[in-house]
Every structure is written in C-alpha cells, then in structure tokens.
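Undergrad: One structure coming up, written as structure tokens, with questions to follow.
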Amino acid sequence: MRTLRLAAAVTALTAAATLTPVASAAPVDAQAVRQVCARDLYVRATAAGVVIGTLYYGENFDVQRYSPSGQWVFGHAYGNVHQDGWVQNGWFC
C-alpha cells in the first residue's frame, strides 16, 4: 500500500512539473493581430502612461512593436478604443 501511494505521488509530481502555464508573459509575434484573454486590459498613451481606453476579453490588438523591456506592446487597439496605444504584455491568448 505504501509503495502504491509513493508511486502515485511521484506520478502526480512529474505531471505537475511538465505542465505549461496557460497564460505566458513571453513576447508574442510582432506584426500580428492578437486576441485579449484578460477580463479587461487598459490601453495607454505611452508605456505605463495615461489610460486612453479599455479592451475587453475577446477584442483584438494589432501588435506592431515592443518596449525595450518587453513588458509593453505598442499597436492598434480595436473594439471601442479604435486607436493606437500601449498595453501590458502577457494578456493575449
């Protein structure tokens, strides 16, 4: 019985270690239209700047370039924003 529990624990740990996170902050391809997977995502005039609009889950953002740190993405926000701006990276499907 003890061997069976140990084997089950090892199997569970191995499976957990090989899972890939659903949302990743890794950069997405430049020059691509991406779908927002966050509930809402602020569009800003500059990286970490003033909010000029909000994108919602399922709306699209046309990625054009990244900030040097990779934490911000510049492009065109569709939906009700419908203008160019910056969004925080890592919130695309």
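The values are calculated or read from the model by the stated rules, or taken from the named source; none is laboratory data. None of the values given here were measured: they were computed from a predicted structure. Don't worry about glycine lacking a Cβ; one is built from the backbone with ideal geometry, like all the others, and counts go over all protein chains shown. The area values use the complete protein model at the heavy-atom level, side chains included, leaving out ligands, DNA and RNA. Shrake-Rupley method; radii C 1.70, N 1.55, O 1.52, S 1.80 Å.
Undergrad: Taking only the stretch 51-82 into account, find how many residues are open to solvent by less than 80 Å² (accessible area, probe 1.4 Å), part of a strand (DSSP E or B) and touching a residue at least 24 places away in the same chain (Cβ under 8 Å).
TA: 14
Undergrad: Which members of the stretch 35-50 meet the condition of being assigned to a loop (DSSP other than H, G, I, E, B), of a type outside the set (Ser, Thr, Tyr) and touching a residue at least 24 places away in the same chain (Cβ under 8 Å)?
TA: Of all residues in the stretch 35-50, those assigned to a loop (DSSP other than H, G, I, E, B) come to 37-39, 45-50.
Restricting the remaining residues to those that are of a type outside the set (Ser, Thr, Tyr) gives 37-39, 45, 47-50.
Scanning the stretch 35-50 gives Cys37, Ala38, Ala45, Ala47, Ala48, Gly49.
Undergrad: Sticking with this structure for a sec: Taking only the stretch 83-93 into account, find how many residues are within 16 Å of Arg39 (Cβ to Cβ), open to solvent by less than 80 Å² (accessible area, probe 1.4 Å) and assigned to a loop (DSSP other than H, G, I, E, B).
TA: Quick first cut of the stretch 83-93, residues within 16 Å of Arg39 (Cβ to Cβ) only: 87-88, 90-93.
Subsequent filtering for residues that are open to solvent by less than 80 Å² (accessible area, probe 1.4 Å) retains 87, 90, 92-93.
Okay, now just the ones that are also assigned to a loop (DSSP other than H, G, I, E, B), so 90, 93.
Qualifying residue count for the region: 2.
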